[in-house]
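First comes the structure, then the notes that go with it.
Bear in mind that the values in this text are calculations on the coordinates, not laboratory data. Keep in mind that this is a model prediction, so the values were computed, not measured. No Cβ is skipped: glycine too gets one built from the backbone with ideal geometry, and neighbour counts run over all protein chains shown.
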Amino acid sequence: MTKTNLRNKIKVYFNELKDNFNEPGKKMKRKRIIKKLVISVFRFVLLFGLSFVILFPTIQQILMALRAPEDVNNPAVIWIPEIWSFKNIKIASVVLDYPKALLCTTKLSFISMVLQIASTALAGYAFSRLKFKGSNILFIGVLLTIIIPPHALSLAQYLYFIDLKLVGKESSIYLMSGLGMGIRSGIFIYIFRSFFQGLPKELEESAQIDGAGVFRTFWSVMLPNARGALVTVGLFAFVWQWNDTYFISLFEVSHGDFPLLTARLMNAAEGMYNALFITGGINLIGKDIWSNPLFLALITNVSALLMMLPLLIMYLFVQKQFVESIERTGIVG
């Protein structure tokens, strides 16, 4: 093969590549690939930035919790501690009375959650399917409980529970939850009502043909099909009761025999000296701790981290079911 023939073949090959490259179909395909790549990069940058903004306070709290108390006033320590220590966590644990308060808070939140699910599911089913004269007016009253701030009803509720001798007892929270007047129960009733309205009426009709009554139809047919609403309401009820400070302060639920994490966190400064003496932190900080607002803020932040840690762990196990239930119930925003 001569050099001229080889040169001509190479020229023909490159001309074919050029023609293929300039074909309209190939151009469109290349544009789609570039567009998809740009969108993917933009999505990654946006999600990474949002994740950092959301996780930044948590990461900062964790690093502060692992900082030694003597490094609180060290200007050189900004992110990474010079001395790693669990002393702050020990002090915050004593301030919160953590083991006992964690058990009591879990008990109060779980029982309240179960009672709220039972009462709001019944009310939501009644408003969705058991129509009667004046039902729409009653439902407007339910919606008003969402709009009216709880402070507007606090005096009447407090006087009512004084008459029942339930002030200072966790039974006051259970009674409110069981009667559909718990924390944001109006929202839960609205969620159940909307969900039950979306279920086909043929389910109820088939149960009624088999001789089931209203409650049996609700318990055996409608409630098992409301899994999405149950998970949504259950998680919201548990978390909102866990973080509640207003009602437990109003009804004086938290006390020495029944400590709660939120109440202990609000009164963290009162238990600071006791915690420092028990953990030996008083030798590191000094007796005049009130002149060091940075340390008080540090222990408060660590206490808040310990308080929300069980919720973060719980969410890791139920995040898939929670996202699915949010999609099924149609909650947005």
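Pairs exceeding 32 Å between alpha-carbon atoms, taken from LYS90/LYS169; LYS201/LYS320; LYS133/LYS165; LYS107/LYS201; LYS131/LYS320; LYS107/LYS165: LYS133/LYS165; LYS107/LYS201; LYS131/LYS320. The C-alpha atoms of the stretch 85-171 occupy a region whose extents along the principal axes are 64, 29, 23 Å, arranged from largest to smallest. Counting every other Cβ atom within 10 Å of each residue's Cβ, VAL318, VAL94, VAL77 order from fewest to most as VAL318, VAL77, VAL94.
Rounded to a whole number, what is D in µm²/s for the stretch 88-329 from Stokes-Einstein with the Kirkwood radius over alpha-carbon pairs (20 °C, 1.002 mPa s)? Let's see the in-between values first.
Details: Rh = 20.2 Å.
It comes out at roughly 106 µm²/s.
Sorting PHE192, PHE295, PHE132 from the fewest to the most surrounding beta carbons within 10 angstrom yields PHE132, PHE295, PHE192.
Relative contact order (percent) for the stretch 94-241, with alpha-carbon contacts under 8 angstrom and 6 or more residues of separation? Don't skip to the end; give the middle numbers.
On the way: 112 pairs, mean separation 61.1, N = 148.
Once normalised by length, the contact order is 41 percent.
Note on THR58 and ILE83: with the Förster distance fixed at 25 Å, the Cβ-Cβ geometry gives a FRET efficiency of about 0.70. The ranking of ILE80, ILE173 by Cβ neighbour count inside 10 Å, starting from the fewest, reads ILE80, ILE173.
Protection proxy ranking of 153-161, 42-50, by the mean of other Cβ atoms within 10 Å over each peptide's residues and highest first, is 153-161, 42-50.
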